Structure formats: structure tokens, C-alpha cells
Amino acid sequence: MDNKLTRRDALRLMGGLGALGVALPALSACSGAAPSAGADGYRIGVLQLTEHAALDAAHKGFFKALDASGIAYQVDDNNAQNDQSACQTIATKLVNAGEDLILAIATPAAQAVAGATTDIPIIGTAITDFAASGLVASNEKPGNNVTGSSDLTPVAEQFDLLAKLFPAARTVGVLYCTAESNSDVQVKLADEAAASHGLAVTHFSVSSSNEIQQVVESMVGKVDVAYAPTDNTIAAGMTTVAMVATDNGLPFIVGDVGMVENGGLATYGINYEELGKLAGQMAVKVLKGESKPADMPIQHLDVSKCALVSNKKVAEKLDVDLSVLGDSQTQV
């Protein structure tokens with residue numbers, strides 16, 4: 001029997017975690033009526049976990065979708081700088097302000113906001129698995145005031161890329177942050193994908209950004225190649241990862257384009273601006289009263305929206321031949 005966990009299987013399986021005891025937000029007791037715009041338009045609160053290229057792009061895409069819809073709005077924009085306590089404080093502030101809708105960018109941000117209100121509509125984006133993170137009852141039917149767009153990446157295809165660039169590799173190190181529940185699903189998928197290519201996996205984890213340099217240094221000489229999923233802590237610290245790894249000849253295949261731009265070797269990754277647009281389109285439907293979060297399935301970008309991107313300078317330093325990827329790649 002083939003037990004390989006696919007991207008679609010992961011979403012389906014994790015959607016049932018609520019029944020296994022994962023804490024889910026209480027169902028909203030509100031009437032579900034659409035927010036009404038004030039004189040200056042709808043009030044949109046934003047809680048973004050931290051600053052890095054992928055989350056910034058999702059933010060940009062969300063508001064592009066709102067602008068394209070023609071609706072008027074005003075924004076209370078907040079960034080928690082990867083501080084969990086700041087997430088809680090900002091979430092409380094946004095709820096007390098009575099925002100018409102809250103945009104939560106990244107899993108910890110959405111968890112903080114969902115824990116603060118069951119009434120205000122919450123649209124999340126750059127979240128790997130809403131159900132597995134306890135944000136919704138299921139990815140197919142959220143059942144509460146939370147919905148949005150998922151960035152579960154094509155991990156299998158990323159390992160195909162790794163194998164194409166490094167056919168002689170026998171060991172791979174997977175780098176992630178244990179404080180991020182969004183990384184759990186991706187690490188399991190990475191284990192499955194590595195096994196399909198006959199690669200032995202070693203996990204290397206950090207609990208905060210302060211540990212990144214030391215942990216990456218510990219990878220050197222222990223694995224042939226490394227992989228980092230769309231983990232916010234690792235993505236935000238990618239310049240540190242790249243500094244250590246590239247200087248020591250360790251190539252990193254990464255989860256998104258922003259991580260390549262900051263020193264990763266290559267990715268087959270999601271376009272986060274498009275992901276943000278998808279969330280923005282969902283927000284417009286909520287604000288216009290065309291739908292409610294409880295009834296809106298979690299949305300995913302089609303794999304055709306992913307891009308093959310490589311870093312030419314890093315490849316030159318590592319003496320990696322990018323020509324094997326063909327003409328479909330974009331080099332940064």
C-alpha cells in the first residue's frame with residue numbers, strides 16, 4: 001500500500017483534527033450580517049507576524065484586490081516583529097477598535113486574532129493549514145468567523161528540484177522552527193518527499209531566530225544539501241542562513257521566492273502576491289455581504305501559479321550548474 005502523504009491528502013487529513021481534540025475557536029454567535037461601511041469606508045485591521053518578502057508580498061496582494069474591487073476602506077496596519085506577545089496585544093487592540101474585518105498574515109497572527117474575537121470576520125493568508133492550526137473546524141467548511149488562503153507549498157516538487165540539481169546527494173537536512181505549527185505539516189511532507197528520492201533526512205530545529213546561526217553551523221559537514229520550508233522564523237532570518245551555508249558550501253533549496261532572493265539557492269514556490277490577492281477577493285465578498293467566512297472553503301493557489309526561481313550569484317559561489325533547470329527558471 002502506498003502511504004505517501006500528498007499535498008491534497010495533508011489538507012484533507014488535517015481538516016479532521018478538530019475531532020481529535022485540537023482546540024478550535026468557538027462558533028460565532030453573531031448574525032452573520034455583512035459589515036457596513038462608515039463615511040471613510042470599511043475599517044480594515046491588519047496583523048502581520050513579521051517582516052519578510054513573502055508576508056510583505058501577501059500584504060501587497062490583499063490590498064491590490066481591495067483596490068480592484070472599488071470599495072473604500074481605511075487601514076490600521078500592525079506588524080508584530082515575530083513577537084508572540086505583541087500578536088496578542090495587537091489582536092486585542094484591533095478587536096477593541098471594532099474593525100469591520102481583520103487581515104491576519106501568518107499562522108501565529110491568525111491564532112492571536114481568532115482567540116480574541118468570534119464576531120469580527122477574519123481573513124487569513126500565508127497560513128499553511130487552517131484546520132491543523134485550530135483556526136477552523138475544517139478546511140472545506142470553516143464553520144466560524146475565520147477563512148482565507150493557504151500557502152501549503154508543493155513540497156514534493158521542491159524535492160524533485162533538489163534531486164535534479166544534486167543527483168548524487170544522499171543526505172538532506174531540514175531546517176525549521178519548532179515554535180511554528182505551520183511547519184509541522186511541511187516537515188512531514190519533506191520527510192515523505194525525501195524518502196521517495198532515497199534521501200536520508202536529519203531534522204535541524206530552532207526555537208527562535210537567535211539560534212539560527214548556531215544551528216546552521218551545526219549542519220555543515222553532516223548533510224549534502226539542505227531544505228527549508230515556508231517557515232516564518234527561517235524566512236525572516238534567511239540572510240543569516242545564507243551567510244553561514246554559502247560560506248561553507250551548503251546549498252539550500254527553500255520554500256518561497258523571497259527566501260531565494262535572500263540567499264537560498266532555488267525554489268519551486270508560491271507567488272505570495274497572488275496568494276494575498278486570493279485572500280483579498282475573499283474579503284471583498286465578506287464586506288459586500290456576498291458570503292460569510294463560515295461558509296467559505298480555504299483557498300489554495302493552483303500549482304501552475306508556482307514559479308521556478310534560482311539565485312545565480314549563490315549558484316556561482318557553490319559551483320552549481322543551473323542550466324539543468326532549463327529555460328523556464330527565473331534567475332535573481
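Numerical summary
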item	result
Cross-link table K164/K312; K60/K305; K277/K305; K60/K313; K64/K93, entries beyond 21 Å C-alpha to C-alpha	K60/K313; K64/K93
The chain: relative contact order in percent, alpha carbon pairs under 8 Å with at least 6 residues between	22
Size of the chain as Cα extents on the principal axes (Å, biggest first)	60, 42, 37
Alpha carbon centroid spacing (whole Å) that separates the range 148-188 from the range 250-298	17
Low-density loop positions, trypsin sites (Lys or Arg not before Pro), the range 281-332 - DSSP coil, at most 16 other Cβ in 10 Å	K288
Residues of the range 76-104 with amide N under 15 Å of the 7 Å Cα→Cβ point at A39	none
Label-to-label distance, nm, for residues given as V220 and A307 (7 Å Cα→Cβ offset)	3.2
Translational D in µm²/s for the range 38-163 (Stokes-Einstein at 20 °C, 1.002 mPa s, Kirkwood Rh from C-alpha pairs)	142
Angle between the chain longest axis and helix 84-96 axis [Cα atoms, degrees, rounded to 10]	20
Using alpha-carbon coordinates, inclination of helix 272-287 to the longest axis of the chain, degrees	10
4 °C / 1.567 mPa s Stokes-Einstein diffusion coefficient of the range 216-320, Kirkwood radius on C-alpha pairs, µm²/s	84
Ordering of 225-233, 52-60, 121-129, 268-276 by burial proxy (mean other Cβ atoms within 10 Å per residue, highest first)	121-129, 225-233, 268-276, 52-60
Phi to ³J(HN,Hα) by Karplus 6.51 cos²θ - 1.76 cosθ + 1.60 over the range 257-263, Hz, x for Gly, Pro	4, x, 5, 5, 4, 9, x
For the chain, calculated [θ]222 nm from helices alone, where every DSSP H run of n ≥ 4 adds -39500 (n - 2.57)	-11000 deg cm²/dmol
Rounded tilt (10° steps) of 238-247 against the dominant C-alpha axis of the chain	0
Burial ordering of V332, V241, V185, fewest other beta-carbon atoms within 10 Å first	V332, V185, V241
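Just so you know, all these numbers are worked out from the coordinates, no wet-lab data involved. Here the structure is a predicted model, which means the values were calculated and not measured. Neighbour counts are summed over all protein chains in view; Cβ atoms, including those assigned to glycine, are modelled from backbone coordinates with ideal geometry.
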